[in-house]
Protein chains: 2
Amino acid sequence: MIQSSTPDLQVIGVFNPGVIRHDGGVLLLLRVAEAPPASADAIAAPVYDVDSGRIEIREFARDSDGVDTSDPRIVVVGGRTWLTSISHLRIARSKDGIQFEIEPAPALSPATPYETFGIEDPRITFLDSTYWINYTAVSPFGIATALASTTDFRTFERHGIIFPPPNRDVTIFPEKIGGRCAALHRPMPEGIGQQAIWVASSPDMVRWGEHRFVAGARDSGWDSSKIGGGAVPFRVRTASHDGWLAIYHGVTGSPPAYSLGALLLDARDPARVIARSRAPILEPEAEYEREGFFGGVVFTCGLLAEEDRVRIYYGAADGVTAVADLSLDEILTGLSEP
Amino acid sequence: MIQSSTPDLQVIGVFNPGVIRHDGGVLLLLRVAEAPPASADAIAAPVYDVDSGRIEIREFARDSDGVDTSDPRIVVVGGRTWLTSISHLRIARSKDGIQFEIEPAPALSPATPYETFGIEDPRITFLDSTYWINYTAVSPFGIATALASTTDFRTFERHGIIFPPPNRDVTIFPEKIGGRCAALHRPMPEGIGQQAIWVASSPDMVRWGEHRFVAGARDSGWDSSKIGGGAVPFRVRTASHDGWLAIYHGVTGSPPAYSLGALLLDARDPARVIARSRAPILEPEAEYEREGFFGGVVFTCGLLAEEDRVRIYYGAADGVTAVADLSLDEILTGLSEP
């Protein structure tokens, strides 16, 4: 059992970890979602209060007019959206990458006005002797992406919002490209525009520009509703393929199914897509992927690419963390024209 | 009459100009909106085609299922949104700031994949011997903000997308703050979040970070639906007031009314609001503001603040350009606690 961060809350999910090799083993930075005990009459929204430094519980009667509980992740009350859980980030360590020890306390918890609904979906990039952690910061100001850094995974420095709302699914490349840091990000326009993958560059990880479109949803198939970044991209140089491989998530259907595929991006210009998965490389099949808090979801924030093996850590059904070993050669064989 | 940029199109609006003192006079960079001649049966969407370098006309039967023409600015077809006009930027020059000569050809026209629905709402900031022009770039990729620069208003350099979609109403400060360029911007989240004014900083005008919330819509009154940047902020130092004065637009009601008000921002930390207009400083009253292409709108992208006079150039009803002289002292007197 995973300890909750406070007795008022219960852990309802441990998923979407950032992944990195650290200290001779594997380190996961897990998204731990917590909620108050369920009630038949009321639905609760836990909210971090900046002034008190505590999580407060808002309750809404389930059968009230104007209360929409159709999506288990959120509750909409009179047009305002609240989350039914609040996430923090927790470290787990392993020697073999399979058996993990989870720390009893959070590594990073909501702490700013931009994080009052929680912090989610960390990605870890090692660059310039520093571990850079970007994560989704959720609050009534919107869904944004924030940055923290560490050298030891004991103390963390926060660098604020790097992509303003609405923007999530950021992955920072582990090498500079053309002398600058590079990141994929996923703006979320509505009406005009689509939720799609873009690339940006930065001199310092904090200030980002040169925004360019990379790839969007396709007309049909497993990634036809929207797409977004997944694991941190890694460099591939084989006899047949050269570029950055970005494992991304694609969404289709209603209720939505979240699957994983790959983009091969030009080594020097990651806005240029060389090739893209025809079929998903991983899709919800097992019971813990099809059923759960939000069923039909496999979603990754990190992987380990070592020789031909691509070990993908992923969240299943927004509830648990799973791992799958794929063959790099098979992923590359499944690519075709973008 | 203002010449259209091509015989296929008619000028339907000249509004929302950027404003700067230049060459001993006043220079406006006008948003010129053009559309094909109206048809009773079909509604047209003009779209810039990157490959041909020409504007192509898409037509949709008005009475078809799934064609929504309720907002005159857009047509929604099967869930996809198109604009009913396409805008470019045109220079007008004046000695006295009242009588203008409008150039016969565009200064900046749609030219990139991010501008296929047009370029809109320029703001001009003079900093480091350069005129920086930010404008709204609209396309199926979303509504974003792009940057161009010039030293002579004859040749222009484009610097790409500086704020990814959905983001508009950017105003760049005319001085560096804390050694960095600063800008107000207006992210457009839906569901979680609100359309509100944020501030960001940049080392080079191209890459932006340190995003922080500045001000949002209020619970009631003239700016209760959403707010966004207006004219380029200017520095105020009077006996009673010290800071940046930002004239912004506030929206309320249905159909929406667009009015103008003021924010006084801390001189060193523009994320801190010192004071805010109680009542609008300008609201739609004249017939050309209340009626027109999109009635009930006064909207500014630029002004001239000289001694006590604040000369605001503004778009009225998304159709024409007007000017109003206000007293700085009266604007400041109308401020109260934020």
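Considering only the Cα atoms of the stretch B:1-165, their convex hull presents on average a projected area of 10.3 nm². Total accessible area buried between chains B and A, 1.4 Å probe, in Å² to the nearest 100? Using a 1.4 Å probe on protein heavy atoms, the buried area is about 3000 Å².
Note down the Stokes-Einstein diffusion coefficient of the stretch A:271-338 in µm²/s, whole number, using a Kirkwood radius over alpha carbon pairs, 37 °C, and 0.692 mPa s.
253
Taking all protein chains into account, the per residue accessible area for the protein assembly as shown stands at 40 Å² (1.4 Å probe). In the assembly of identical copies, A:GLU103 has its label point, taken 7 Å from Cα in the direction of the beta carbon, separated from the corresponding points by 5.8 nm (ascending, one decimal). 3J(HN,Hα) along the stretch B:104-118, derived from phi through the Karplus expression 6.51 cos²θ - 1.76 cosθ + 1.60 where θ = phi - 60°, amounts to x, 10, x, 8, 9, 10, x, 8, 10, x, 8, 10, 5, 9, x Hz, with x in place of Gly and Pro. Here the 3J(HN,Hα) profile of the stretch A:155-162, calculated from phi with Karplus coefficients 6.51, -1.76 and 1.60 at θ = phi - 60°, is 10, 10, 10, 9, 10, x, 7, 9 Hz, Gly and Pro shown as x. The stretch B:125-158 and the stretch A:139-176 have Cα centres separated by 28 Å.
Roughly what percent of Cα-Cα pairs across the stretch A:183-320 reach past 24 Å? Within the stretch A:183-320, distances greater than 24 Å cover 31 percent of Cα pairs.
Sequentially through the stretch A:314-326, phi angles give Karplus couplings (6.51, -1.76, 1.60; θ = phi - 60°) of 8, x, 10, 6, 6, x, 10, 10, 10, 9, 9, 9, 10 Hz, Gly and Pro residues having no value and appearing as x.
Ordering A:ILE143, A:GLY13, B:VAL236 by Cα displacement along the dipole of the protein assembly as shown toward the positive end leaves B:VAL236 in first place; charges were set at the Cβ atoms of Lys, Arg (+1) and Asp, Glu (-1). Between A:VAL50 and B:GLU291, the simple spin-label model (points 7 angstrom out along Cα→Cβ) gives 4.7 nm. Rounded to the nearest 500, the 222 nm mean residue ellipticity of chain A from helices alone is -500 deg cm²/dmol, with -39,500 (n - 2.57) taken per DSSP H run of at least 4 residues. For the stretch B:139-260, the fraction of 1.4 Å probe accessible surface lying on carbon and sulfur atoms is 46 percent.
A convex hull fitted to the Cα coordinates of the stretch A:150-230 yields 124 cubic angstrom per residue. For the peptide A:191-200, the mean number of other protein chain Cβ atoms found within 10 angstrom of a residue's Cβ is 6. A:SER240 label point (Cα plus 7 Å toward Cβ) to equivalent points in the other copies: 7.6 nm, shortest first. Near B:ASN16, the amide H atoms lying under 5 Å from its own belong to B:GLY315, B:ALA316; only residues 5 or more places off or on other chains count, and H is placed 1.01 Å from N.
Could you calculate, for the protein assembly as shown, the ratio of the Cα radius of gyration to the Kirkwood radius, expressed as Rg to Rh?
0.98
Rounded to the nearest 20 debye, the dipole size of chain B about its Cα centre is 860 debye, using +1 on the Cβ of Lys and Arg and -1 on the Cβ of Asp and Glu. From the alpha carbon centroid of the stretch A:184-231 to that of the stretch B:46-70 is 25 Å. Close amide-amide hydrogen proximity is noted between A:ILE74 and A:THR84, each under 5 Å apart and 5 or more residues distant or on a separate chain (H modeled in the peptide plane; Pro and chain starts excluded).
In the stretch A:131-149, burial by the other protein chains removes 40 Å² or more of 1.4 Å probe accessible surface, compared with the chain on its own, from A:PHE141. Across chain A, the volume of the C-alpha convex hull divided among the residues equals 139 Å³ per residue. All distinct Cα pairs of the stretch A:23-66 go into the 1/r average, and the inverse of that average, the Kirkwood radius, is 13.4 Å.
Quote the FRET efficiency, to the nearest 0.05, computed for B:GLU101 versus B:THR130 with a Förster distance R0 of 22 Å and r equal to the Cβ-Cβ distance.
0.35
Between the listed residues A:CYS181, A:GLY209, A:SER277, the Cα displaced farthest toward the positive end of the dipole of the stretch A:175-338, a dipole computed from Cβ unit charges relative to the Cα centre, is found at A:GLY209. Between B:ILE133, B:PRO104, B:HIS88, whose Cα lies farthest towards the positive end of the dipole of the protein assembly as shown when Lys and Arg beta carbons carry +1 and Asp and Glu beta carbons carry -1, centred on the Cα centre? Value computed over the given set: B:ILE133.
The values are calculated or read from the model by the stated rules, or taken from the named source; none is laboratory data. On a predicted model such as this, the values are computed, not experimentally measured, just so you know. Note that each Cβ is placed from the backbone with ideal geometry, even for glycine, and that neighbours are counted across all protein chains shown. Side chains are part of the model used for accessible areas, which takes the heavy atoms of the whole protein and leaves out ligands, DNA and RNA. Shrake-Rupley method; radii C 1.70, N 1.55, O 1.52, S 1.80 Å.
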